[in-house]
């Protein structure tokens, strides 16, 4: 049986997550990228360095289901309550913006307002991740043609499941992605209990193998609408760094970490410069 940890949403003095403990203010996370590669709490990925000490081997490492069962009930209730209240507030106060963006998506190009993609959630459960549509309605068919015609694009897509100069993206879609406003509908996923406001990246099934033996730790918590990856460079980061950030959040999640990430996310939305969102 996995021993339950202390309540991550009631940290005592001196128990801030390592990537926030030395920050001069809650919104300072820029040093985390460097820390993620050196902190003893974060394991190197297979083939990239020594294994993490003090963690069970793959044969006896706890599963996602066991890790979920071991979580403190009070911490889960507090975080879930915060998710619901925050999502209701954003959807209520932001409803005019929500309707405006929906109208812009609808009139800018033929197709539905929303795009729903299957992602992997807590406990390996599939769910439909909702976004404003940012691509042409025939994007999936067009992708196959592009990959067949261009070996370079095929290699790029195989690396990160994204194309930096994706011709399928609409003009309004490019703005939505740059500002991360395309993810606003995911607050509906939060209300449905499929996501959290802050958490690891919601990934597609094809990405599971890239997390290797760390996958159970990451999928022991709900994926987040925002998280360390989203505010630390997104697609400008190497994939290994993304994995380390997701693992770090799963291990050190807490109120202070969530607050810092939410504050940083607001800056990303208000000042949509190039932070790797495409």
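Here is how the numbers come out for the structure above:
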quantity	calculated
Condition met for residue 166 (crowded, with 19+ Cβ neighbours inside 10 Å, at pLDDT below 85 and out of contact with any helix residue (DSSP H, G or I) (no Cβ under 7 Å at 6 or more places or on another chain))	yes
Residue match in the stretch 123-136 (condition: farther than 21 Å from residue 204 by Cβ and in contact with a strand residue (DSSP E or B) (Cβ under 7 Å, 6 or more places away or on another chain))	no
Count of the stretch 101-123 residues which are in a helix (DSSP H, G or I) and more than 12 Å from residue 184 (Cα to Cα)	8
Search result, residues across the stretch 164-186 that are assigned to a loop (DSSP other than H, G, I, E, B) and touching a strand residue (DSSP E or B) at 6+ places or on another chain (Cβ under 9 Å)	166, 168, 170, 180, 184, 185
For residue 189: the one exception among (1) buried (at least 20 other Cβ atoms within 10 Å of the Cβ); (2) modelled with pLDDT under 90; (3) assigned to a helix (DSSP H, G or I)	(2)
Only one of 80, 76, 155 that is exposed (fewer than 11 other Cβ atoms within 10 Å of the Cβ) and assigned to a helix (DSSP H, G or I)	155
Long-range neighbours under 6 Å by Cβ, at least six apart or interchain, first residue in contact (Cβ under 8 Å) with a residue 12 or more places away in the chain within the stretch 145-174, second assigned to a loop (DSSP other than H, G, I, E, B)	157/163; 164/278; 168/136; 169/134; 170/109; 173/134
Any hit, the stretch 124-139, residues being under 21 Å from residue 241 (Cβ atoms), touching a helix residue (DSSP H, G or I) at 6+ places or on another chain (Cβ under 8 Å) and outside any helix (DSSP H, G or I)	no
Residue 90 being surrounded by fewer than 15 Cβ atoms within 10 Å (Cβ to Cβ) and not in a loop (DSSP other than H, G, I, E, B)	no
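The values are calculated or read from the model by the stated rules, or taken from the named source; none is laboratory data. Computed from a predicted structure; not experimentally measured. Neighbour counts run over all protein chains shown; Cβ positions are idealised from the backbone, glycine included.
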